[in-house]
Amino acid sequence: MRPVGVLAECLDHVSNRSAPPLWAAGADRLDAEHRHLQALVRDPAVRVYGANTLMGHRDAETIPNPEAMTAEILRTHAIAAPPWHDRHTARCIGYAKLYSWAAGLSGVSPELFEGVSELVTREDFNPQVPVGASYSCGDVIPASHWAKAVLDELSRSGFHEVRPGEAMALINGSFVHVGLAVAMVSNLQRTSALAVEAAALFHSAALANPSNLYFVATAERAWASKAVRYVADRSRRSLAATGTQDPVSLRAIPQVLETWSDAVGDFLGELNYLLFKPSCNPFIDERYAFPISQASFLAPTLSVKTGGVIEAALFLMWALLGWTSHLLSGRVPDIPRDGSTAASPLGQIQRPKLMTAICEKARMDLGRRTFAAGSDTSYGIEDIWTNGVFTLAQLKCALDALESMFCQSVWTIRRLADDFGLARVAGSELLDACAGCSTSAEAAERLSAALREGCPREAHQLFWNGR
């Protein structure tokens, strides 16, 4: 796995609402670049995009009053409506912006940087950033809502007056896309914990052949190796000869976990790379007597990695269906077909069908994910569609569907353990969490609460191990 040091640092500081040391590292450079930006804006021979020119397809039009552009940009771009992102996600967006500023080339003043830094670490600061308002590259509509909230709050404190060119530094860049991805990491950790715990539970409940977990991996697959070892340790059975092979879904536990590990590792590695990286347009570099036009506000690499995690989630859904169907097939010792009992002759007969319904809806919702076409809302000048924010929204849908399927499957094992005394699955924090529940809905609520609290603890801790 690639190192995830910056990302891990970011998550820690987001949780503690503190400022990472990296933010202060480039203070001298910020000052030099800001002074250079102001000199460029004052030069009548130089066009600075969004400072002394209009934006988008009107970037060829100059304006006589750069000081008025901040209000005009926010008035015309902060136009969306609820729903808004939650407080944690909005904070992650702010952290992503400050990391990109700390990496340089934005032209923001040290005073603005310091003011925003103080603001995003405050518990009471909760900017309203719209969900689903990203129409094109740069995500400038949600970014403008974030920027407007920042400037309104700074204005109330009398702390800072935005100078020409800084409005573009506030709204432009990949920080909305990257910030949303940072906020998604906790969901990925929960899903990873569920994946290894559910694999262990099903492998144990099915009395599956330990040879399924005979996994040959190199150092690059450290997390997958640890995850398979977690499943093997829970199974408590030694490798032995057997005459009948288990279903492929059980035999494929190492491959499914490896696929998930690889996809999530790529996602985390790309996010780590993008966090501390300049991202805005134009770049301001004092070595050049002009603003540098480029497209650093795009992060298509992260979009592609996100798509990989969605694919891996679909593989997990397939595996869950296979595990559950086999457990209720009547071929597992001590478990009658459909988990039927004298009191309930139909038992869990509908459980695989409900899980199939969840899985098939996810397949339909997530089936249209390929890069297809660019937008032309700015007449082909600036809009290059990356699917970034939308692909993250699809990932959230995939993780929600996957968690719902996991809850159904864990509830199934809990019922079977209660009805048939399956001591081989004892000791699971997830099974304990839904003990005494009368319905799968109640069990799902209990399981979600347990996951948010960090259970199962060893599986949660495994998330960063080997990365």
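Brief remarks follow.
- Members of the range 13-58 found to be modelled with pLDDT of 90 or more, of a type in the set (D, E, K, R) and under 18 Å from Ala167 (Cα atoms), listed by number: Asp31, Glu33, Arg35, Arg42, Arg47
- Test: residue in the range 98-111 that is touching a residue at least 24 places away in the same chain (Cβ under 8 Å), over 24 Å from Leu37 (Cα atoms) and among the aliphatic types (A, V, I, L, M): no
- Yes/no for Gly308 being in contact with a helix residue (DSSP H, G or I) (Cβ under 6 Å, 6 or more places away or on another chain) and open to solvent by 20 Å² or more (accessible area, probe 1.4 Å): yes
- Test: residue in the range 117-132 that is part of a loop (DSSP other than H, G, I, E, B), open to solvent by 20 Å² or more (accessible area, probe 1.4 Å) and over 22 Å from Asn16 (Cα atoms): yes
- Checking each residue in the range 366-402 for being open to solvent by 30 Å² or more (accessible area, probe 1.4 Å) and at pLDDT 90 or above picks out Ala393, Gln394, Lys396, Cys397, Asp400.
- Among the residues of this structure, Val108 does not count as one that is in a helix (DSSP H, G or I), crowded, with 17+ Cβ neighbours inside 10 Å and at pLDDT 90 or above.
- Tally, over the range 56-84, of residues that are open to solvent by less than 40 Å² (accessible area, probe 1.4 Å) and within 27 Å of the chain's Cα centre (by Cα): 3
- Test for Ala299: is it open to solvent by less than 30 Å² (accessible area, probe 1.4 Å), among the small types (Gly, Ala, Ser) and over 18 Å from Phe463 (Cβ atoms): yes
- Residue ID - modelled with the lowest pLDDT, chosen from residues in the range 209-241 that are surrounded by 12 or more Cβ atoms within 10 Å (Cβ to Cβ) and polar (S, T, N, Q): Ser235
- Residue count for the range 163-205, restricted to those that are assigned to a loop (DSSP other than H, G, I, E, B) and surrounded by fewer than 24 Cβ atoms within 10 Å (Cβ to Cβ): 2
The values are calculated or read from the model by the stated rules, or taken from the named source; none is laboratory data. Everything numeric in this text was worked out from a predicted model, so none of it was measured. In this analysis, Cβ positions are derived from the backbone assuming ideal geometry, glycine residues included, and neighbour counts consider all displayed protein chains. Remember, those area values only see protein heavy atoms, side chains included, never the ligands or the DNA or RNA. Shrake-Rupley method; radii C 1.70, N 1.55, O 1.52, S 1.80 Å.
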